[in-house]
Amino acid sequence: MTLETYIRYLEERKADIEAGKPIIIQVVDRDIFEAKTVRAIIAKTSEALPDGEDLWIKDDKEELGPVPWRIRILEETGEIFARPHRGAPIE
């Protein structure tokens, strides 16, 4: 499974991500082009979440960042998720 999400989703929950708290976020499985809303723990590095999967981050120009973050999906929520506003660069 190759997962991606938008940087804007992550910016909106930055404090929770840094605290290691689960967040609700939309991810896309690029292998099957399916969007899912999930409850997950996310980290910027593999050291911070060694049991997670790669999570590629898209900027507002639809370009992927150079290094993936990490995600551990706790559950699929089935919620509807709105696309974020454009304009955020990848850090």
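Given N residues in the chain, what is its alpha carbon radius of gyration divided by 2.2 N^0.38 Å? Spell out each step's value before the answer.
Values: Rg = 11.9 Å, N = 91, 2.2 N^0.38 = 12.2 Å.
Computed over Cα atoms of the chain, the ratio equals 0.97.
Using label points projected 7 Å from each Cα along Cα→Cβ, tell me how many nm separate Ala15 and Thr37, to one decimal.
2.3 nm
Can you tell me which of 21-34, 38-51 comes out highest on packing, and rank the rest after it, using the mean Cβ neighbours within 10 Å?
Values: 21-34: 14.6, 38-51: 16.4.
By packing density, highest mean first, the sequence is 38-51, 21-34.
Apply 1/(1 + (r/R0)^6) to the Cβ-Cβ distance of Arg30 and Glu76, taking R0 = 25 Å, and write down the FRET efficiency to the nearest 0.05.
Details: r = 17 Å, r/R0 = 0.66.
That pair, Arg30 with Glu76, gives E of 0.90.
For every other residue with a beta carbon closer than 13 angstrom to the beta carbon of Glu79, add +1 if it is Lys or Arg and -1 if Asp or Glu, then tell me the sum. Mind dumping the intermediate values first?
Numbers: positive: Lys36, Arg39; negative: Glu75, Glu76.
Residues close to Glu79 contribute a combined charge of 0.
Throughout, read-outs are computed from the coordinates displayed, never taken from laboratory work. Since we're looking at a predicted model, the values are computed, not measured. Cβ sites come from the backbone with ideal geometry, for glycine too, and all protein chains shown count toward neighbours.
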